[in-house]
1. Do any strands (runs of 3 or more DSSP E) entirely within region 41-131 hold 3 or more residues that are surrounded by fewer than 20 Cβ atoms within 10 Å (Cβ to Cβ) and in contact (Cβ under 8 Å) with a residue 24 or more places away in the chain, and if so, which?
2. Hey, could you check region 227-253 for residues that are within 19 Å of residue 286 (Cβ to Cβ) and under 20 Å from the mean Cα position of the chain (by Cα) and say which is surrounded by the fewest Cβ atoms within 10 Å (Cβ to Cβ)?
3. Quick check on my filter: what residues within region 254-287 are touching a helix residue (DSSP H, G or I) at 6+ places or on another chain (Cβ under 9 Å) and crowded, with 18+ Cβ neighbours inside 10 Å?
4. Give the number of residues within region 177-197 that are modelled with pLDDT under 95 and surrounded by 18 or more Cβ atoms within 10 Å (Cβ to Cβ).
5. Based on this model, can you work out whether residue 63 counts as within 18 Å of residue 138 (Cβ to Cβ) and touching a strand residue (DSSP E or B) at 6+ places or on another chain (Cβ under 8 Å)?
6. For region 167-176, give me each residue that is surrounded by fewer than 24 Cβ atoms within 10 Å (Cβ to Cβ) and either modelled with pLDDT of 95 or more or part of a strand (DSSP E or B) (or both).
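The values are calculated or read from the model by the stated rules, or taken from the named source; none is laboratory data. Keep in mind that what you see is a predicted model, and the values were worked out from it rather than measured. Cβ placement follows ideal geometry from the backbone for every residue including glycine, while neighbour counts extend to all protein chains displayed.
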């Protein structure tokens, strides 16, 4: 988070225009500052010092955030609206939704933000996207789109929320409805695309409703209590209805398979692939983590197959003490 960037006052929410107590709602947004060991699996890609936000959702000190901030974190400080800092502890991380849960190890000067219903949001609705720091670090935005989102890191949302204008400190930011309820957590900055698929600059928000079916599992087990999806450990991108390998995760399942960056991906287990979201669904339908899959690859005017024994992504991570 670049704290040298400031938010245009014209974008900041007007407390008088709200139907809820804006100051109280924004007090629930907590600053999260993490340190991750240099030998952590995610350190090369996500760094060892991570700053972002989380949202207090229970008066027990339970905080919801975006998982990439806290994955493999071993030291964490949480800062509330009054500037008080308390230690935090990673409770859970869910690969499928992307959510993370953190437990505050001290009393925060904040009121929990009630959880709303993201499914009821409509394109055009007015919302607030809020980082830690009160109205000066919040913006008035609108819902620009609700649509499928596929991420190259083997991630898929059936219906992500897209807001505009973009919040500059989006990681773990709160999406607050016009009723003062938490309806999503900030994940990404999305930039206008030349092909018109994304006709605006904005933020991709993970909808709160996909937390509800898994929350009890996350609190009990630290992860969802079901067999994990197969993970390739490859970064796969899409361009003009063609999939290609954008990179290989070192030491991941694909690292010794023979895949190379810029390989074109044409089929999985003999089934043609053209769209990233459809490819992920085909992969995950083949079985649980550990299943062997065959990818058809085009490279230098050659077409050949590579076999990859998939894995559980969580097995590669430094594991926190969840209890």
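1. Once the strands (runs of 3 or more DSSP E) in region 41-131 are filtered for at least 3 residues that are surrounded by fewer than 20 Cβ atoms within 10 Å (Cβ to Cβ) and in contact (Cβ under 8 Å) with a residue 24 or more places away in the chain, what remains is 75-79.
2. Once the filter is applied, the top-ranked residue is 228.
3. 265, 268, 273
4. The total comes to 1.
5. yes
6. The answer is 171, and nothing else.
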